[in-house]
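Peer 1: The structure that follows is given in the form of structure tokens.
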Amino acid sequence: MEPITIKPPKPITLQGIADQAERAVAMMTEIRSAMLAPTARKSPPIFNLSQLAAMCGIEKGSLSHRMSRGDLPAGRLNTSGSRREFSLAEARTWIREYRRDGLRPAGAEAVTIAIGNFKGGVSKTTTAVTLAQGLTLLGHKVLVIDTDPQGSLTTLFGILPDTEVEENDTILPLAMGSETSIRYAIRPTYWDGIDLVAAAPVLFGAEFALPARQTQEPGFEFWRVLDLGIDDVRADYDVIVIDTPPALSYTTINAFMASNGIIMPLPPNALDFASASQFWSLFADLTSELITKRGLSKSFDFIHVLLARVDSSDAASNIVRQWIGSTYAEKVLPVEIPKTAVTATTSAEFGTVYDISRYDGNAKTFKRARDAYDTFVSYIEGSVRSVWQQQAAAARGQ
Ligand SMILES: Nc1ncnc2c1ncn2[C@@H]1O[C@H](COP(=O)(O)OP(=O)(O)O)[C@@H](O)[C@H]1O
Ligand SMILES: [Mg+2]
């Protein structure tokens, strides 16, 4: 066989890389507008009567009966007049009415949950968004904070980090000390019940600002910036979900220190298992330096390991599942998120299972994924409610 000849390489200059970056950003803008046209914004799902009844935990008949009272949103008939439809906001009004007992009690405040694992691609961001969406479908109001400069979570909300996010939309001013409450950065999203603090590459600046302030400002505790920053809004939300970057960075430590609980998505394969062990060792070393050695303390109300992106055809995953079980024991949630093609279709590429109103693929595949996320969300709601109960009891002076 003839040897393959390759043209002598031309050096790629930094300008060349800058040009290429510009083309990639332009392509993202084009994809975004094509996918989300004509409004160039994502739109939330709509619900029919059966879906609404299921979400309220009642029969369709009871729902129609209740509708005749006229005190809850009646939705509207679709264009062909064959079906009644409810917007997400309308559905949530119904859900809040029927799930009153499950909502945040007086005296309780937002429970903050960080999604962490310093490996990329383990589904941290997907977990953060589905959790937030799932909780709103149970009637809760959620603030989502993106602390990953890559802004993947921000993108899932239909916002382009490179062109649509300014420094003031992110936690950077908090990190730099020019703001003390996160309120300035909060924006509503296309999803009723979810507000967002976005992220963009400028947020890399926090990795310089925080250590610099640590050496310059006496008494400054770099790891408490976010914790103190959200104090002002804890009463406004039921849950605050923080997505973290794939690194144990200054920002990530802030996310954990601001949290009541941690969820670690963990695919059952050997490399991810090894990486997770390193994560906890590093976490223990760091917190011992920062917290314990200074005579301070920090405790978490819960830590959950979520088996994620589980490939049922992968025989090796059974062994790793056993390792995970013996290592993390009761911290492992009794639910697995299957590796699924549901969000791999073009229309849902920048969305989650909860964004899909009607799935064009196999109905069973969709149901399996959706059920797994529903179960996951209800376990987390259970953890959240037990924290609320403690807070409410403390507020009553017990
Ligand atoms: N259950 C799943 N099945 C198949 N692909 C998934 C699943 N969860 C996430 N993904 C995909 O895996 C990739 C990484 O997920 P992401 O949530 O961005 O992870 P991370 O935030 O940990 O880097 C994305 O392309 C995402 O769409
Ligand atoms: Mg991510």
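What follows is calculated from the coordinates using simple rules that are stated; it is not laboratory data. Just so we're clear, the structure is a prediction, and the values are computed from it rather than from any experiment. Glycine also receives a Cβ, built like all others from the backbone with ideal geometry; neighbour counts cover every protein chain displayed.
Peer 1: Would you mind getting the Kirkwood hydrodynamic radius of the stretch 106-395 from its Cα pairs, rounded to one decimal in Å?
Peer 2: About 19.5 Å for the stretch 106-395.
Peer 1: Let me ask another. Karplus couplings for the stretch 359-373 from phi (6.51 cos²θ - 1.76 cosθ + 1.60, θ = phi - 60°), rounded to Hz, Gly and Pro as x?
Peer 2: 3J(HN,Hα) across the stretch 359-373, in whole Hz: 8, 7, x, 5, 4, 5, 4, 5, 4, 4, 5, 5, 4, 4, 5.
Peer 1: If a/c stays under 1.5 just call it rounded; otherwise compare a/b with b/c (prolate if a/b is bigger, oblate if not). Do that for the stretch 270-362, with a ≥ b ≥ c from the square roots of the Cα gyration tensor eigenvalues.
Peer 2: Note, shape of the stretch 270-362 comes out prolate.
Peer 1: So how much slack lies between Ala24 and Ile12, counting 0.36 nm per residue of separation and subtracting their Cα-Cα distance, in nm?
Peer 2: Roughly 2.7 nm would be gained on extension.
Peer 1: What is the gain in length, in nm to one decimal, between Asn318 and Thr292 on full extension, counting 0.36 nm per residue of separation less the C-alpha to C-alpha distance?
Peer 2: That works out to 5.7 nm of additional length.
Peer 1: Now for a separate question. 7 Å from Cα along Cα→Cβ at both Ser299 and Arg41: what's the point-to-point distance in nm?
Peer 2: Result for the modelled spin labels: 4.4 nm.
Peer 1: What is the gain in length, in nm to one decimal, between Arg358 and Glu217 on full extension, counting 0.36 nm per residue of separation less the C-alpha to C-alpha distance?
Peer 2: 45.4 nm
Peer 1: What's the Cα-based Rg to Rh of the stretch 47-98, Rh via Kirkwood?
Peer 2: Here Rg/Rh amounts to 0.92.
Peer 1: If you don't mind, there's one more thing I want to ask. So for Glu97, Glu164, Glu90, fewest C-beta neighbours within 10 Å to most, what's the order?
Peer 2: Glu97, Glu164, Glu90
Peer 1: Please tell me which of these pairs span more than 27 angstrom C-alpha to C-alpha: Lys124/Lys298; Lys60/Lys124; Lys119/Lys364; Lys331/Lys364?
Peer 2: In this structure, Lys60/Lys124; Lys119/Lys364; Lys331/Lys364 exceed 27 Å between Cα atoms.
Peer 1: Then there is this: To make sure I understand, if each residue's beta carbon is the centre and we count other beta carbons within 10 Å, what order do Thr287, Thr352, Thr130 fall in, fewest to most?
Peer 2: Result, fewest neighbours first: Thr287, Thr352, Thr130.
Peer 1: Using the basic label-point model (7 angstrom from Cα toward the beta carbon), what is the His65 to Arg187 distance in nanometres?
Peer 2: Reported label-point gap for His65 and Arg187 is 4.6 nm.
Peer 1: Give the lysines whose C-alpha is closer than 20 Å to that of Lys42, dropping any in the same chain fewer than 8 places away, or say none.
Peer 2: Here the lysines satisfying the reach criterion relative to Lys42 are Lys141.
Peer 1: Another question, then. Considering only DSSP beta bridges whose two residues both sit in the chain, what percent are antiparallel, to the nearest 5?
Peer 2: So the antiparallel bridges in the chain amount to around 20 percent.
Peer 1: Here's something else I'd like to know. How far apart, in nm, are two points set 7 Å out from the Cα along the Cα-to-Cβ line at Asp232 and at Arg83?
Peer 2: For Asp232 paired with Arg83, the spin-label model returns 4.4 nm.
Peer 1: Would you mind ranking Thr252, Thr125 by Cβ crowding within 10 Å, fewest neighbours first?
Peer 2: Going from least to most buried by this count: Thr252, Thr125.
Peer 1: Then there's this: Using alpha-carbon pairs under 8 Å, 6+ residues apart, how would you state the relative contact order of the chain in percent?
Peer 2: Relative contact order for the chain comes out at 19 percent.
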